[in-house]
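What follows is a set of notes on a single structure, which appears directly below.
The values are calculated or read from the model by the stated rules, or taken from the named source; none is laboratory data. Note that the structure is a prediction, hence the values are computed from the model and not measured. Please note: Cβ atoms are built from the backbone with ideal geometry, for glycine as well, and neighbour counts cover all protein chains shown.
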There are 4 protein chains.
Amino acid sequence: MRKVRIASVGLGRLGLRHAENISDRIKNAELVALCDLDKKKLDEAADRLNVGHRFTSLEETLALPDLDAVVLVSPSGLHTRQIAAALAAGKHVFSEKPLGITVAECKEAETAVESRPDKVFMLGFMRRFDESYRYAWRKVKAGEIGKPILFRSYSQDPEKFIEGAIAFAAHSGGQFLDMAVHDIDLARWFTGSEPETVYAVGGCYAHPEFGRWKDGDNVSCLMKFRNDCMVFLFAGRTAPHGYNVETEIIGTKGTLRIASVPQKNLVEILDSSGVRRECSENFLERFDSAYVNEVQEFVDCINEGRKPEVSVHDGTRVSEIAHTCKAAFETGELLRF
Amino acid sequence: MRKVRIASVGLGRLGLRHAENISDRIKNAELVALCDLDKKKLDEAADRLNVGHRFTSLEETLALPDLDAVVLVSPSGLHTRQIAAALAAGKHVFSEKPLGITVAECKEAETAVESRPDKVFMLGFMRRFDESYRYAWRKVKAGEIGKPILFRSYSQDPEKFIEGAIAFAAHSGGQFLDMAVHDIDLARWFTGSEPETVYAVGGCYAHPEFGRWKDGDNVSCLMKFRNDCMVFLFAGRTAPHGYNVETEIIGTKGTLRIASVPQKNLVEILDSSGVRRECSENFLERFDSAYVNEVQEFVDCINEGRKPEVSVHDGTRVSEIAHTCKAAFETGELLRF
Amino acid sequence: MRKVRIASVGLGRLGLRHAENISDRIKNAELVALCDLDKKKLDEAADRLNVGHRFTSLEETLALPDLDAVVLVSPSGLHTRQIAAALAAGKHVFSEKPLGITVAECKEAETAVESRPDKVFMLGFMRRFDESYRYAWRKVKAGEIGKPILFRSYSQDPEKFIEGAIAFAAHSGGQFLDMAVHDIDLARWFTGSEPETVYAVGGCYAHPEFGRWKDGDNVSCLMKFRNDCMVFLFAGRTAPHGYNVETEIIGTKGTLRIASVPQKNLVEILDSSGVRRECSENFLERFDSAYVNEVQEFVDCINEGRKPEVSVHDGTRVSEIAHTCKAAFETGELLRF
Amino acid sequence: MRKVRIASVGLGRLGLRHAENISDRIKNAELVALCDLDKKKLDEAADRLNVGHRFTSLEETLALPDLDAVVLVSPSGLHTRQIAAALAAGKHVFSEKPLGITVAECKEAETAVESRPDKVFMLGFMRRFDESYRYAWRKVKAGEIGKPILFRSYSQDPEKFIEGAIAFAAHSGGQFLDMAVHDIDLARWFTGSEPETVYAVGGCYAHPEFGRWKDGDNVSCLMKFRNDCMVFLFAGRTAPHGYNVETEIIGTKGTLRIASVPQKNLVEILDSSGVRRECSENFLERFDSAYVNEVQEFVDCINEGRKPEVSVHDGTRVSEIAHTCKAAFETGELLRF
């Protein structure tokens, strides 16, 4: 089987991780090029990972002969345009979330994807590729917990990264678009349904800076889905204990909880603070395997001529929902979808 | 110190438990009379607990010379009237929740209580007397978790008691009044604040019978409190695993979870189903000590001439809030307090 | 039913607790007298608990007319003599462990008990009255875990009480007699069998002071029981996290663990140290209910003319085993029973 | 960097896993050949993993030009001879445990390894490469738990694999050599010390078949190490709940527990059996990453001209200890090292 030749675009923390994974942990794939505006970062990574080609523009990257696919981990504002360019150049595309910043951008991305039905397009909802989430999902689908009653999902970033979050706040789109999109994706995936209403609350409990962008440092919303499932989402940036992503699905016959204790590993410590588990530091630690699995799925889809389960329409839909949650938060009103 | 002479009124499951506790586990108290309409049940209990006086009406009970106090565990619809009668007769009163079925009834009870400032009146919000809840509350008050961001509380009854719940549905007042009142009380107690808005959802996921009373078998609501705290409450009647009352308070400096795993005891079982803990069966098992502690506090207040922390106004306020939650659920609208 | 009239002898920490329990939490019992050499402590307790009679010698105590029973919580060296005296005076006797310091003393106690078959004698192996231990025991007896393979039990005292332990070391009899006796009792109770061999190790890991009495601050032993069950016991005095008593029974069909996490209560804390549970402080906190239950059983036995499950012979047997463990530790040899 | 060209020898369950890992998950390595006596299994694996060379004898395999290294996952009885042959042929060698069946065989392996100091030799003590074990080990080395007091380690295989274990019993060397070697390795690694004495017990609790080889289905031993650390090991084959490898290190300043609950993943299930976690199925599931990490370390050592932390002498030492444990079990005597 010929290896899929991939260029990785964007070398921030997650971009670097994707590049390393493609280089070392993805089978049937080859990292043939790196692209970043920052020449120093680019050289450092390319040297370390022994990558032949290095570019500072997407155009040059796409011009590389024999390139099969790109993995886009660029700033959110560039996603739509880059997706379109890469598809137009005949490349398979894996893009990090969000699909686009506005719903209009998402629609453009949809058009680009639809114009190239021969290409694989995949969006980085990595939680779907975490083994625990997948395990829970299979149980739900198999009917083991009956009909879903309440879906609850938390995304909490550690307080210790708050400065970065504040610096990034102008461009993040806010808590619902930046963090809760993953929970929204999970809610649709687990329930197989869509929201009808949303009420959102929250505020700046520790960091008034977020108020400048009509955002909060901690927010939540309650939605009613078409299948009657209640959906409660919470997203916060001030967790002292670490990176905490947890989900609960209460059904008529059972309840599943994924990562209800955000344990770092299997070590339990008994000391003067009691009996404790240390917590995951960040998304890279918590979702280490998921980041590998999702790109592996992208590569397998290319090799097997399949389309991934997550479509571009899921990306648009999640963005629409997040924007409505944001509007509900800003207005304080109950909104209907 | 003279023992407080108590009559226990109503011998349902919880009434019987209160009677047994007063008889055996409350210090400085004496169970001198029992009262119930059901003569057989009355005799059985009085014989077993060796209680001298037995009555089938509250009037007779109150006429007993030297009686100091009554503990009312009668049907909810009788509470207001019985509270008034007992206070009028000069007795200290401990009443099970709810204070009254309607807010008007609660106001009547307030008047009765206010007319006898020399008497102790206490309402059975037993969770405040559970050691774990108290421990958590002290930490919150001491500022250990900083400013409260999210208060989340669940009350789940086991599916195996569903027939009783359905039979009782016409008179229970619905999920918010019957179950969530405890969570509403906790929310006010932990946050020291009051709700401003509420949005409520839910439905009949397993038992359409509740629809007859515009109720659901599982419901939830999201409230914004005046101090900006988000409050999410969930109440359900279909838990397969047992009786599950859990609460989480997320603050800016830490998070507390009370009973996040509804463990029955300290036994962990490793068998073919994995590693498991069995769960509490019902409120009597889970709150065994709390039921003792609250009546002990009632007795101590009488002996020490103190008033309990929970006032009649808390009872009215919780009922008002529960009624608004119920209205929010029935109308599907966002309501403001 | 006439209340059992009890005198409580010895007002150390545990003695005081027993006195309070008899006064307030034991049904069908009355605390009629207190006895302690320390007049000040005696008066303080008697005043607080409103006890009519106070004595500074056991003889005077036993002379109190209408006294039914004594609860002995005196220094270990006095147990045998006091048991004999109380029985000779026709009183029911509850004695704290150990039955005696030497096996010879235990045999004397046996003779005393056997000479008064009309009296209830009970030894304070309180763990048997802890609800979690009882729950586990019933499962074992019901065959739920099959044939016992390994019985493992830990007794760990908090490091913060080490000064007291060192001060008490000359009279404690050492780790096996002072602490492991409870685990030895549990091993016999759960397995229904007796040890055949023992090998013991340990040392002074933090506190060389214990070496003066040929003891260690942490010790362990491995025994083979007649029914082939392996028994591993560990007793330590240097736990930084708190009071930790845990037991595991591995069987052919399942495993039970009692208190494998020494949680203080149901509160879980998420803060900068991770996700944690605080631990029990000491035996009084961990076995609060067990201390009530055991004396309740003593009173019930008296009232119902029954004998307790734990006999004086269990006391002797446990002491014999503990002495053999101690000898194994001191000699470093494998000993056979 | 040139990729290390590896041949994988032996295609049982673990051999196949190693082959897959080298093919897909190890960086800077290439799986160039497979070797197994079973032609069908060989072809199936080679086709699936797209491996160019396939052999049915080690001799042919070693003759492959440009081969750098072999990974030996053959039957235990062949290890010594194959290690010697591969080293003699100038190949780097990774061998699964045990180093040899007898201590004499281990010594032969030592000679072979010493004769080729230019080659990397590594033994598959994979637990040292599990992230949780490494994390705990670093804490111990950093002094976070003070001086080690008790090291306890369990290896439990699921009852459902018992037929295979019985079939393999004649050649496994028994519980201590087949299972407890990993725990012995951990004990030496964590404590940095060596055993002085051992007492071992156990039996055939469910499966008398093991008696034929003077073995038990569950065994344990208590050792005293030179640094005074107590070491308790338990190995069993009848766990109903799954694959359970857990370790506890109690120190003077804290305790670490690794995998004290053998959870399969991060999913918690609340259903009619209570609150539960499912357990790992087998070593391949539990140590999935560890198997990758250890071979990665082997490859990195080759590339960087380093020697692995685990030496051939560790292999011999662990075998010697396991044989002494086995002798202690068979004789029932206390043995000294």
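Mind counting the residues in region A:103-138 that are closer than 23 Å to residue A:288 by Cβ and not in a strand (DSSP E or B)? It would help to see each step written out before you state the result.
Of region A:103-138, the ones closer than 23 Å to residue A:288 by Cβ are A:122-138.
From what is left, the residues that are not in a strand (DSSP E or B) are A:124-138.
Going through region A:103-138 one residue at a time, the tally reaches 15.
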- request: Within region A:208-225, track down each residue that is at the interface with another protein chain (Cβ under 8 Å from one of its Cβ atoms) and touching an Asp or Glu at 6+ places or on another chain (Cβ under 6 Å).
  value: A:224
statement: The residue that is modelled with the highest pLDDT, considering only those in region B:20-47 that are within 11 Å of chain C (Cβ to nearest Cβ) and surrounded by fewer than 20 Cβ atoms within 10 Å (Cβ to Cβ), is B:20
message: Please pick out the residue among B:273, B:280 that is touching a Ser or Thr at 6+ places or on another chain (Cβ under 8 Å) and either within 30 Å of residue D:263 (Cα to Cα) or crowded, with 23+ Cβ neighbours inside 10 Å (or both).
response: B:273
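I'd like the full set of residues that are buried (at least 20 other Cβ atoms within 10 Å of the Cβ) and touching a His at 6+ places or on another chain (Cβ under 8 Å), limited to region C:154-164. Give the steps one after another, and end with the answer.
Here is the first cut: in region C:154-164, the residues buried (at least 20 other Cβ atoms within 10 Å of the Cβ) are C:154-159.
Within region C:154-164, C:155, C:158 meet the criteria.
Within region C:113-136, can you find the residues that are of a type in the set (Phe, Trp, Tyr) and more than 10 Å from chain B (Cβ to nearest Cβ)? It would help to see each step written out before you state the result.
Quick first cut of region C:113-136, residues of a type in the set (Phe, Trp, Tyr) only: C:121, C:125, C:129, C:133, C:135.
Correct list: C:121, C:125, C:129.
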message: What are the pairs with Cβ atoms under 6 angstrom where one residue, in region A:91-113, is surrounded by fewer than 22 Cβ atoms within 10 Å (Cβ to Cβ) and the other, located anywhere, is among the hydroxyl-bearing types (Ser, Thr, Tyr) and in a helix (DSSP H, G or I)? Sequence gap at least six, or different chains.
response: A:101/A:76; A:103/A:319; A:105/A:80; A:108/A:80; A:110/A:316
query: What is the one condition in (1) more than 14 Å from chain B (Cβ to nearest Cβ); (2) under 20 Å from the mean Cα position of the chain (by Cα); (3) free of Cβ contacts under 8 Å to residues at least 40 places away in the same chain that residue D:305 does not satisfy?
result: (2)
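Tell me which strands (runs of 3 or more DSSP E) are completely within region B:226-277 and hold 1 or more residues being of a type in the set (Phe, Trp, Tyr) and away from chain D (no Cβ under 14 Å), or say none if there are none.
Values: elements: B:230-239, B:244-251, B:255-258, B:267-271, B:274-277.
The strands (runs of 3 or more DSSP E) meeting that bar are B:230-239.
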message: Any residue at all in region A:249-257 that's surrounded by fewer than 21 Cβ atoms within 10 Å (Cβ to Cβ), of a type in the set (D, E, K, R) and at positive phi?
response: no
- prompt: So residue A:315 fits all but one of (1) surrounded by 22 or more Cβ atoms within 10 Å (Cβ to Cβ); (2) more than 26 Å from residue A:132 (Cβ to Cβ); (3) not aromatic (Phe, Trp, Tyr); what number is the exception?
  reply: (2)
query: Conditions: (1) within 30 Å of residue A:237 (Cα to Cα); (2) polar (S, T, N, Q); (3) in contact (Cβ under 8 Å) with a residue 60 or more places away in the chain. Residue C:263 meets all but one. Number of the miss?
result: (3)
task: Taking the options B:173, B:124, B:192, name whichever one is on the phi > 0 side of the Ramachandran plot and in contact with a Lys or Arg (Cβ under 8 Å, 6 or more places away or on another chain).
output: B:173
query: Cβ-Cβ below 9 Å, separation at least six or inter-chain, first residue in region A:129-146 and farther than 20 Å from residue B:240 by Cβ, second in a helix (DSSP H, G or I) and of a type in the set (Lys, Arg): which pairs?
result: A:130/A:286; A:133/A:127; A:134/A:128
- prompt: For the subset of region B:296-319 comprising residues that are touching a strand residue (DSSP E or B) at 6+ places or on another chain (Cβ under 9 Å) and among the β-branched types (Val, Ile, Thr), which member is nearest to residue B:120 (Cα to Cα)?
  reply: B:302
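Any idea which residue in region D:139-153 is farthest from the other protein chains (Cβ to nearest Cβ), counting only those that are of a type outside the set (Ser, Thr, Tyr) and closer than 21 Å to residue C:154 by Cα? Before the answer, list the steps.
Of region D:139-153, the ones of a type outside the set (Ser, Thr, Tyr) are D:139-152.
Going one step further and asking which of them are closer than 21 Å to residue C:154 by Cα, we end up with D:145-152.
Numbers: D:145: 8, D:146: 8, D:147: 5, D:148: 8, D:149: 5, D:150: 6, D:151: 11, D:152: 8 Å.
Only one residue fits best here, namely D:151.
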statement: Taking region D:66-88 and keeping residues modelled with pLDDT of 95 or more, surrounded by fewer than 18 Cβ atoms within 10 Å (Cβ to Cβ) and not charged (D, E, K, R) leaves D:88
task: Answer yes if at least one residue in region A:282-295 is under 21 Å from residue A:79 (Cα atoms) and touching a strand residue (DSSP E or B) at 6+ places or on another chain (Cβ under 7 Å), and no otherwise.
output: yes
- prompt: of a type in the set (D, E, K, R), modelled with pLDDT of 95 or more and surrounded by 24 or more Cβ atoms within 10 Å (Cβ to Cβ), is that true of residue D:127?
  reply: yes
message: Quick test of your reading of the structure: residue A:322 fulfils all but one of (1) out of contact with any strand residue (DSSP E or B) (no Cβ under 8 Å at 6 or more places or on another chain); (2) within 19 Å of residue A:190 (Cβ to Cβ); (3) in a loop (DSSP other than H, G, I, E, B). Name the failing condition by number.
response: (3)
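I need the full set of residues from region D:199-225 which are in a strand (DSSP E or B) and of a type in the set (Ser, Thr, Tyr), in order please. Quick ask: steps written out before the conclusion?
Taking region D:199-225 as the starting set, the residues that turn out to be in a strand (DSSP E or B) are D:199-203, D:218-225.
Correct list: D:199, D:220.
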Region D:172-198, subset part of a strand (DSSP E or B) and within 22 Å of the chain's Cα centre (by Cα), residue farthest from the other protein chains (Cβ to nearest Cβ): D:195
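Quick one: would you say residue A:11 is buried (at least 23 other Cβ atoms within 10 Å of the Cβ) and under 19 Å from the mean Cα position of the chain (by Cα)?
Numbers: buried (at least 23 other Cβ atoms within 10 Å of the Cβ): yes; under 19 Å from the mean Cα position of the chain (by Cα): yes.
It is true that residue A:11 is buried (at least 23 other Cβ atoms within 10 Å of the Cβ) and under 19 Å from the mean Cα position of the chain (by Cα).
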